[in-house]
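Trainee: Please see the structure below; I have some questions.
The values are calculated or read from the model by the stated rules, or taken from the named source; none is laboratory data. None of these values were measured; they are calculated from a predicted model. A quick note on method: Cβ atoms are made from the backbone with ideal geometry, for glycine too, and the neighbour counts reach across all protein chains shown.
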Amino acid sequence: MKKKNIFKSPFFKYLVQRLGQFLLVVFVGITVTFIVPRLSPTNPVEQKINQMMVSGANIHPEALESFRSAMTEMYGLEGTVWDQYRAFWGRFLRGDLGPSLSSYPVPVIDLIKKALPWTIGLMLTTTLISWFIGNLLGGLAGYFPEKRWVKWAELGATCIRPIPYYITAFILLIIFCFIIPVFPTSGAYARGVIEGFNLKFIGSVLYHTFLPALSLILVGLGGWLLGMRSLVSNIVADDFVLYAEAGGIDQNTIMKKYVIRNALLPQITGLGMSLGAVFSGALITEIVFGIPGLGQLTYRAVISFDYSLIMGVSIFSIMGVSVSVLIVDLLYPLFDPRIRLG
Amino acid sequence: MKSIFVDMLKNSRPFRFGVSAALFLTIMIILSFFSPYPPNESFLVMDDAPPSFQHLFGTNSRGQDLFWQMTFALRNSFLFGVITAVISRVISLVVGLYSGYKQGVMDRVLMAINDSFVIMPVLPILILLNFLLKEKMNWFIMAAVLSLFGWAFDARLIRSKAMSLRFQLFTDTAVFSGFGTRKIIFREHFPYVLPIVFSTTINNMLWAIGMEVTLAILGLTNVNDPTIGVTIFWANQHQALISGVWWWIAIPVIVTVYVFTGLYMLSISINKYIDPRTRLQRKGRN
């Protein structure tokens with residue numbers, strides 16, 4: 001028997017394709033962040049420095065000098081465009097995003113690292129919860145379209161789906177913090193509670209992040225539910241399901257092994273994409289509820305004209321999205337044997 | 001056409017709701033041209049007055065009548081959404097139809113670019129752009145940038161339709177009658193993908209308006225031209241909720257929910273009508 005050549009297997013081809021896509025996205029993303037500041041008709045570095053001076057921001061002169069040299073090297077206009085481009089990549093690959101301007105000399109990367117756990121914690125839990133519940137309900141709704149609760153769930157989902165996430169955040173804020181004040185208006189934990197791995201801190205965090213989490217879950221839920229319902233209702237009408245029904249396979253098996261497994265595939269890709277949206281997913285939510293994550297970091301950066309911080313967050317979030325999409329792509333063959341076996 | 005409209009009004013509750021929201025939007029946009037107050041000026045009326053007959057939506061801490069402010073906001077936000085949707089529809093149509101019809105190397109290159117744009121997060125790039133060009137940024141440029149990111153997903157949908165059209169008899173007939181690529185794409189295939197274009201337009205518009213709100217809340221757009229986002233921005237700046245001017249936040253929130261949900265319902269109810277599969281499905285499974 002001839003040994004199978006691994007380099008010709010469909011799985012290998014899939015892998016190469018996905019990796020290529022990943023590299024392309026990173027390349028395009030970094031190139032765009034390189035080009036954007038150069039579209040500005042004036043030197044962005046000097047422009048920002050002027051703006052800061054005018055606004056009367058309190059900046060250490062030493063910070064300013066260091067900022068200027070770092071920024072000119074990184075985004076500035078020294079040397080040919082090609083040289084600049086290479087230097088830009090060099091910085092990026094070393095993970096050196098320069099010092100933050102508003103809290104000099106702390107490197108941008110450190111600020112991001114500090115904010116990241118909050119954002120990831122909030123987004124990861126809410127995305128997974130809404131994905132799980134939404135697909136469960138959506139699957140049931142697609143399989144039993146005549147049930148009474150299904151119609152109500154569908155109506156609710158359709159109403160809530162088009163509403164932007166921050167509007168939901170505002171609604172919850174108005175209702176539960178001002179009309180019926182049961183939840184705190186802002187902050188990720190109560191004042192005076194010391195950060196650390198103890199029950200008091202965790203409890204405080206959970207209490208403070210309940211509303212923002214709820215607003216994100218509600219918004220996500222509608223989309224997953226409607227998506228799954230329409231996927232399932234299409235698959236249910238497929239011939240192989242009809243055949244299985246005619247063959248007398250019991251309903252639970254059909255639903256689990258025939259319908260849900262097939263319908264879940266696009267939803268898994270979708271999960272990867274929304275996990276990638278860690279940065280943009282909760283930007284306003286974090287600002288509205290005062291959670292010290294990436295969103296608030298961005299907000300602070302915008303207010304204090306912290307150019308390097310904004311740049312850092314942008315690059316970081318492009319990387320975040322592409323890496324998480326890549327991870328989901330690499331896990332995909334586990335769920336879809338067609339890619340594994342060809 | 002008229003009878004279809006009447007039928008849908010009679011039978012479809014989401015459609016009725018959608019039409020009411022569209023009507024509300026149209027009336028507000030028309031009213032904006034008759035506003036007694038200029039949109040960019042503040043301290044024209046008594047500030048912080050709650051909603052009353054004189055000031056339907058109340059007034060804000062900047063001394064502006066919120067009702068008339070909302071007419072301008074809706075007009076600007078709606079226009080912004082329409083421009084974005086139109087530009088990005090054009091891109092996704094050209095790429096999707098061409099890529100689906102031509103196949104081969106061009107298709108693969110275009111789809112690789114397309115997939116990159118699907119994944120790429122637009123918000124950080126927009127924040128960067130607005131941060132740098134704030135003074136020179138107008139919303140036409142912003143709409144153009146948004147459309148550069150908003151076409152990709154829908155181009156995929158159009159491509160998959162175009163791919164199936166390619167193998168139909170009428171395409172062969174057209175080829176043998178000596179039609180060029182452009183003619184086949186736009187004369188023969190274009191009408192078939194129109195439903196997709198239509199159904200994605202409203203979603204794209206809502207997405208664009210939502211993006212504008214996000215940037216405005218960050219204070220990155222021109223905060224003198226009223227839009228839905230700018231209204232919320234000023235309310236946040238003046239800490240409207242804490243100082244008890246709740247209607248300043250509540251009004252844009254309620255209006256947004258109504259218009260967004262309404263337009264979305266409109267799009268899905270029209271979709272249900274256009275897409276015969278959903279009609280068949282309902283009949284088959286009842």
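Trainee: All but one of (1) hydroxyl-bearing (Ser, Thr, Tyr); (2) within 14 Å of chain A (Cβ to nearest Cβ); (3) surrounded by fewer than 19 Cβ atoms within 10 Å (Cβ to Cβ) hold for B:SER116, so report the exception by its number.
Mentor: (3)
Trainee: Is there a residue being without any contact (Cβ under 8 Å) to a residue 24 or more places away in the chain, surrounded by 22 or more Cβ atoms within 10 Å (Cβ to Cβ), more than 30 Å from A:VAL16 (Cα to Cα) and more than 13 Å from chain A (Cβ to nearest Cβ) anywhere in the stretch B:84-104?
Mentor: No: the stretch B:84-104 contains no residue that is without any contact (Cβ under 8 Å) to a residue 24 or more places away in the chain, surrounded by 22 or more Cβ atoms within 10 Å (Cβ to Cβ), more than 30 Å from A:VAL16 (Cα to Cα) and more than 13 Å from chain A (Cβ to nearest Cβ).
Trainee: Among the candidates A:LEU309, A:LEU275, single out the residue that is at pLDDT below 85 and crowded, with 24+ Cβ neighbours inside 10 Å.
Mentor: Unique residue meeting the criteria: A:LEU309.
Trainee: Looking at B:THR71, B:THR84, B:THR59, which is the one that is in contact with a strand residue (DSSP E or B) (Cβ under 6 Å, 6 or more places away or on another chain) and hydroxyl-bearing (Ser, Thr, Tyr)? Lay out the reasoning, then the answer.
Mentor: Working: B:THR71 fails: in contact with a strand residue (DSSP E or B) (Cβ under 6 Å, 6 or more places away or on another chain); B:THR84 fails: in contact with a strand residue (DSSP E or B) (Cβ under 6 Å, 6 or more places away or on another chain).
None of the other options fit; the residue is B:THR59.
Trainee: Taking A:PRO145, is it more than 14 Å from chain B (Cβ to nearest Cβ) and modelled with pLDDT under 85?
Mentor: no
Trainee: Here is a further query. Has the stretch B:227-241 got at least one residue that is in a helix (DSSP H, G or I), without any contact (Cβ under 8 Å) to a residue 12 or more places away in the chain, at the interface with chain A (Cβ under 10 Å from one of its Cβ atoms) and over 28 Å from B:LYS102 (Cβ atoms)?
Mentor: Looking through the stretch B:227-241, none of the residues is in a helix (DSSP H, G or I), without any contact (Cβ under 8 Å) to a residue 12 or more places away in the chain, at the interface with chain A (Cβ under 10 Å from one of its Cβ atoms) and over 28 Å from B:LYS102 (Cβ atoms).
Trainee: Return the pair list, or none, for Cβ contacts closer than 6 Å from residues in the stretch A:152-169 that are at pLDDT 85 or above to residues that are part of a loop (DSSP other than H, G, I, E, B) and surrounded by 20 or more Cβ atoms within 10 Å (Cβ to Cβ), at least 6 apart or on different chains.
Mentor: none
Trainee: Specify the residue that is nearest to A:ASP336 (Cα to Cα); the eligible residues are those in the stretch A:246-257 that are modelled with pLDDT of 85 or more and surrounded by 14 or more Cβ atoms within 10 Å (Cβ to Cβ).
Mentor: Ranking the qualifying residues of the stretch A:246-257, first place goes to A:ILE254.
Trainee: Let me ask something else about it. Scanning for something at pLDDT 80 or above, part of a loop (DSSP other than H, G, I, E, B) and more than 19 Å from A:ALA153 (Cβ to Cβ), does the stretch A:221-240 turn up at least one residue? Spell out the reasoning first.
Mentor: First pass over the stretch A:221-240, keeping only residues at pLDDT 80 or above: A:221-240.
Applying the additional criterion that residues be part of a loop (DSSP other than H, G, I, E, B) yields A:237-238.
Now restrict to residues that are more than 19 Å from A:ALA153 (Cβ to Cβ): A:237-238.
Within the stretch A:221-240 (the criterion being at pLDDT 80 or above, part of a loop (DSSP other than H, G, I, E, B) and more than 19 Å from A:ALA153 (Cβ to Cβ)), the answer is yes, since at least one residue qualifies.
Trainee: Taking only the stretch A:281-306 into account, find how many residues are under 30 Å from A:MET228 (Cα atoms) and either charged (D, E, K, R) or surrounded by fewer than 22 Cβ atoms within 10 Å (Cβ to Cβ) (or both).
Mentor: 1
Okay, residues lined up against (1) modelled with pLDDT of 80 or more; (2) surrounded by fewer than 22 Cβ atoms within 10 Å (Cβ to Cβ); (3) farther than 17 Å from A:LEU283 by Cβ:
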position: B:GLY219; (1), (2), (3): yes, yes, no
position: B:VAL223; (1), (2), (3): no, yes, yes
position: B:ILE228; (1), (2), (3): yes, no, no
position: B:TRP246; (1), (2), (3): yes, yes, yes
position: B:PRO252; (1), (2), (3): yes, no, yes
position: B:VAL257; (1), (2), (3): yes, yes, yes
position: B:ARG279; (1), (2), (3): no, yes, yes
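Trainee: With the condition being within 18 Å of the chain's Cα centre (by Cα) and either within 12 Å of chain B (Cβ to nearest Cβ) or on the phi > 0 side of the Ramachandran plot (or both), I'd like the helices (runs of 4 or more DSSP H) fully within the stretch A:256-342 carrying at least 1 qualifying residues.
Mentor: On the way: elements: A:261-276, A:278-281, A:283-289, A:294-303, A:307-335, A:337-341.
Because the criterion is at least 1 residues that are within 18 Å of the chain's Cα centre (by Cα) and either within 12 Å of chain B (Cβ to nearest Cβ) or on the phi > 0 side of the Ramachandran plot (or both), the helices (runs of 4 or more DSSP H) in the stretch A:256-342 that meet it are A:261-276, A:278-281, A:283-289, A:294-303, A:307-335.
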